Every structure is written in C-alpha cells, then in structure tokens.
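A.B. asks: Let me give you the structure first, and then I'll get to my questions.
Here, each number is a calculation from the coordinates, and none is a lab measurement. If you're wondering where the values come from, they're calculated on a predicted model, not measured in any experiment. Cβ: placed from backbone, ideal geometry, glycine included. Neighbour counts: every protein chain shown.
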Amino acid sequence: MRVLRVIRRIAAALLFVALVSTAALVLARRAPGDYTDTLRAQRLGEDAIARERTRLYLDRSLPDLARIWLSGLPRLDMRMSYRYARPVTSLVAERLPRTIVLVGLALLLSIAGGIVWGTLQARASGVASRILSGVAGLLLAVPSLVLL
C-alpha cells in the first residue's frame, strides 16, 4: 500500500514537472520577440538568422516544440541555453551544489530563528506577548519577496 502511494506521488510529480515546463514553453513562445531579435540587432544577415532559428527549433510549431521538449525530459535533455550556448543540464549540474548549500543554510537559519522566536513568545506575557504575536503575524502576512 505504501509503495503504491509513493509511485502515485512520483507520477504526480513527473506530471507536474511536465505541465509546468510545457506552460513555461508556451509562455516563452507567446512573448513578443525571440532570441533572433538580438542577432538582428548585431546586424547579422537573414540567412544566418534563418540557420540559427532552425538550429534552435524556433521555426517549429508550438506542438512540435512541446513534443521535442517533453521527449527530452526523461533523458534530462533540456536542450541548449541561448545565453550560454551550453546544455542546460550541465548548467544546472554546475550550480546545484551551491544551491543545495544555500537552501540548507536558509533552512537551518529559519529553524533556529523559529525556535528562538517561539521560545521568546512562549515566555513572554502581557504586552510583550502581544507585540511578539503581532510582529509574527505581520511577518507571515508580508510576501517573502518584500522581506528580502
């Protein structure tokens, strides 16, 4: 029973990744302009721009792009980065160790801060307790981007 639940969760996670990545692909494709606009600004010829559009699959339809993108996901083939001209998988792998350290430190700091705040709030009484509760409520209500 537990194995079945794990399999269902993994399948749901994979479906979620496929849906989010497809949505990102659709949104990026629907945005005005594309990568070749930067090439036009560099005054490259139209045949060079056409070759680049073909190489980057920008001349394909949206369903074709989605099929190519989704077929590469199980192999972790996320195509090439326009900006770095390297495979996206290698860029992710290169940055993953630092990201894990950063997430670990943020988690450690938030747990330690939560324990300290909770201890202060539990020991406080009267006005101090109300102030700590109010500040905690405000911090929970404010979006995290504003706090950065």
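A.B. asks: Need the full-extension length gain, residue 146 to residue 56, defined as separation in residues times 0.36 nm minus the C-alpha distance. One decimal, nm.
C.D. replies: Contour length minus Cα-Cα distance gives 28.7 nm.
A.B. asks: Which of the chymotrypsin sites (Phe, Trp or Tyr not before Pro) across segment 1-101 are loop residues per DSSP, with 15 or fewer other Cβ within 10 Å?
C.D. replies: Sparse-neighbourhood loop chymotrypsin sites (Phe, Trp or Tyr not before Pro): 35, 57, 82, 84.
A.B. asks: In addition: Give the share of C-alpha pairs in each 10 angstrom bin for segment 1-145, from 0 to the last occupied bin, in whole percents, shortest bins first.
C.D. replies: Bin by bin from 0 Å, the calculated values are 9, 22, 23, 20, 15, 9, 3, 0.
A.B. asks: At 20 °C and 1.002 mPa s, what whole-number value in µm²/s does Stokes-Einstein give for the translational diffusion of segment 1-79, with Rh from the Kirkwood sum over Cα pairs?
C.D. replies: Here the translational diffusion coefficient equals 145 µm²/s.
A.B. asks: What stretch of the chain, leaving out the sites themselves, is the longest with no trypsin sites (Lys or Arg not before Pro) in a DSSP loop having at most 15 other Cβ atoms within 10 Å?
C.D. replies: Answer - 84-148.
A.B. asks: Turning to a different aspect of this structure: On full extension of the chain, what length is gained from residue 122 through residue 81, given 0.36 nm per residue of separation minus the C-alpha to C-alpha distance?
C.D. replies: Taking residue 122 through residue 81 to full extension adds about 9.7 nm, to one decimal.
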